[in-house]
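The values are calculated or read from the model by the stated rules, or taken from the named source; none is laboratory data. Quick caveat: nothing in here was measured; it's all calculated off a predicted structure. Cβ atoms come from the backbone with ideal geometry, glycine included; neighbour counts cover every protein chain shown. Quick note on the areas: whole protein, heavy atoms, side chains included, nothing else; ligands and nucleic acids left out. Shrake-Rupley method; radii C 1.70, N 1.55, O 1.52, S 1.80 Å.
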Amino acid sequence: MPSQTTGTFLGDETGAGQPCSHPAAVPSACCLHPPVPMLQRPPSPHPPYSHLTRVAPAYAKIGEMLLALFRHHQWSRATLLYSDSNAERSCYFAMEGVHVVFQEEAFHMAVHSFDESSRHLDLDDVVRALQTGERVVIMCASGDTIRNIMLAAHRQGMTNGDYAFFNIELFNSSSYGNGSWRRGDKHDLEAKKAYSYLQTVTLLRTVKPEFEKFSLEVKSSVQKQGLHEDDYVNMFVEGFHDAILLYALALQEVLKFGFSKKDGEKIVQQTRNRTYEGIAGQVSIDANGDRYGDFSVIGMTDPETGTQEVIGDYYGKQGRFEIRSNVKYPWNHGRLRLDESRVSEHTNNTPCKSSGGLGESAVTGIVVGALLGAGLLMAFYFFRKKYRITIERRTRQEECNMGKHRQLREDSIRSHFSAA
């Protein structure tokens, strides 16, 4: 990129087609050399570049949010379950962010991944694997797959208060965390019961009038193009809006101070360490060019009707998780007490591969084999001891009989000689 000019990249790195790279990588490479600023909407899994500003929370911010949630509940153990079946690997990177943060806190973790596009996927087996892990399960997958997992968990008796489930729903069609159990099918009643122990983590929910107006305008524009989607305004659309707004604010300040619009270095500086009002609420960018993550937690507040509401919010800049006071929080007034006393050993503690631990049947086989082996050893020990005692008794008896026989012979000989 020639140094005499500057450009601003407003990009989306969720494009498919390249399983080992991301569309943001090409403009990011250009941004390694000033003065080109780059405002990127979705969180990148790679370390930030010097001129890269992320106008959405990085994946690690999800981990920071869940860490605050775990501290609220006083938990320190978790099972991470995620789908790793698309080219973008959004759930993989989301779980990687959680894993890194939890690992720094020395939390105990079990990690399982699956391919939800596989024809051979058996969610009953997936749920059985969860039973060998921890009591708090953090999941990331499509909405329908999460529902099927919760149905399987309910049928296996895991929705009675012994387990807590969380769903990271940032990348699906309902990107604002709809998390709904209702599908209008025969499983709705069962799903409603199962979802009473599922909470959904999503971007901070907003009630700003400006956002509602923006949503209607986007919806109208999209429908005029002949497109009909379930979710017209999601985190991606919001991010593009806020990225353009941030660039406009930074450029305005650069020009105000007498610098050129071609001075990318100055523009980048004006995007850091600042807070401005985005379309859905306040946007805060740190010194590294990353947006602080603000999230909401959605839970079922009325098990009878299945009503789901925002029950808590996390504010990334303050690192604070707050329970909303105007809602009925499930799970024992805001804190769910789980038995974390049991210690499980997990052979795979990174989200880089599918869980490589032993299956339930393998563990059962090892235990049964060990018990049989111990039984055989004990049987051999007692048999050997009894056999030795029997031999010793028989030897003493034979020695005693031989002694008596010898005595009788001697007495007989003496009698014979006496008679002679």
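Between segment 188-221 and segment 278-300, what's the alpha-carbon centroid distance in Å?
If you average the Cα positions of each part, the centres end up 16 Å apart.
Contour minus end-to-end for residue 160 and residue 376, with contour as 0.36 nm per residue of separation and end-to-end as the Cα-Cα distance? Display every interim value, and only then the final one.
On the way: separation 216, 0.36 × 216 = 77.76 nm, distance 4.06 nm.
That works out to 73.7 nm of additional length.
Sum up the charges of everything whose Cβ sits under 11 Å from the Cβ of residue 142, counting Lys and Arg as +1 and Asp and Glu as -1, but leave residue 142 out. Don't skip to the end; give the middle numbers.
On the way: positive: 147; negative: 116, 144, 169.
That sum, taken over residues with Cβ under 11 Å, equals -2.
What does the charge add up to near residue 100, with Lys and Arg as +1, Asp and Glu as -1, over the other residues with Cβ less than 12 Å from its Cβ?
Numbers: positive: 61; negative: 64, 96, 104, 105.
Summing Lys and Arg as +1 and Asp and Glu as -1 gives -3.
Non-local amide H neighbours of residue 111 (under 5 Å, H modeled in plane, Pro and chain starts lacking H): which ones?
Sorted by chain and number, the residues that satisfy this are 80, 348.
Residue 274's amide H: which non-local residues (gap 5+, or another chain) put their own amide H closer than 5 Å, with H modeled 1.01 Å from N in plane and none for Pro or chain starts?
Distant-sequence amide H within range of residue 274: 285.
Please compare each pair in 208/266; 61/193; 192/328 to a cut-off of 26 Å on the Cα-Cα distance and tell me which ones are over it.
Values: 208/266 32 Å; 61/193 31 Å; 192/328 17 Å.
In this structure, 208/266; 61/193 exceed 26 Å between Cα atoms.
What FRET efficiency, computed as 1/(1 + (r/R0)^6) with R0 = 30 Å and r the Cβ-Cβ distance, is obtained for residue 144 and residue 74, rounded to the nearest 0.05?
Details: r = 33 Å, r/R0 = 1.09.
In this case the efficiency is close to 0.35.
If you rank 105, 304 by how much accessible surface each has, with a 1.4 Å probe, what is the order from largest down?
Numbers: 105 75, 304 145 Å².
Ranked list, largest accessible area first: 304, 105.
If ligands, DNA and RNA are left out, what is the accessible area of residue 108 with a 1.4 Å probe, given in Å² to the nearest 10?
Only protein atoms counted, so the area is about 80 Å².
Not counting ligands, DNA or RNA, and with a 1.4 Å probe, what is residue 292's accessible surface area in Å² rounded to the nearest 10?
60
Along Cα→Cβ, 7 Å out, is where each label goes; now give me the distance between the ones at residue 104 and residue 305 in nm to one decimal.
Going by the 7 Å Cα→Cβ label model, 4.1 nm.
Using r as the Cβ-Cβ distance of residue 210 and residue 366, and R0 as 56 Å, what FRET efficiency do you calculate, to the nearest 0.05?
Working: r = 61 Å, r/R0 = 1.08.
It comes out at approximately 0.40.
Provide the per residue accessible area, probe 1.4 Å, for segment 255-326, rounded to a whole number of square angstrom.
Numbers: 3570 Å² over 72 residues.
That works out to 50 Å² for each residue.
Between residue 221 and residue 322, how many nm apart are label points set 7 Å from Cα along the C-beta direction?
3.2
Using the Cα gyration tensor of segment 216-311, with a ≥ b ≥ c the square roots of its eigenvalues, what is the shape: rounded (a/c below 1.5), prolate (a/b larger than b/c) or oblate (neither)?
Numbers: a/c = 4.01, a/b = 1.72, b/c = 2.33.
Taking the square roots of the gyration eigenvalues as a ≥ b ≥ c, segment 216-311 is oblate.
Taking a probe of 1.4 angstrom, what is the accessible area of residue 183 in Å², to the nearest 10?
100
With θ set to phi - 60°, apply the Karplus curve 6.51 cos²θ - 1.76 cosθ + 1.60 along segment 104-109 and write out the HN-Hα couplings as whole Hz, x wherever there is a Gly or Pro.
So the J values, rounded to whole Hz, are 5, 8, 6, 6, 7, 9.
Tell me, what is the FRET efficiency for residue 248 and residue 190 to the nearest 0.05, using R0 = 60 angstrom and their Cβ-Cβ distance as r? Could the numbers behind the result be given before it?
Values: r = 50 Å, r/R0 = 0.83.
Computed FRET efficiency for residue 248 and residue 190 comes out at 0.75.
For segment 42-127, what relative contact order do you get, as a whole percent, if you take Cα pairs closer than 8 Å and at least 6 residues apart? Walk me through the intermediate numbers first.
Details: 88 pairs, mean separation 27.2, N = 86.
Here the relative contact order equals 32 percent.
Ordering 126, 137 by accessible area with a probe of 1.4 Å, largest first, what comes out? Before the final figure, lay out the partial values.
Values: 126 20, 137 0 Å².
Most to least solvent-accessible, the answer reads 126, 137.
Whose amide H sits under 5 Å from the amide H of residue 53, counting only residues 5 or more places off or on another chain, with H placed in the peptide plane?
Under 5 Å from the amide H of residue 53 lie the amide H atoms of 38, 39, 40, each far enough along the sequence or on another chain.
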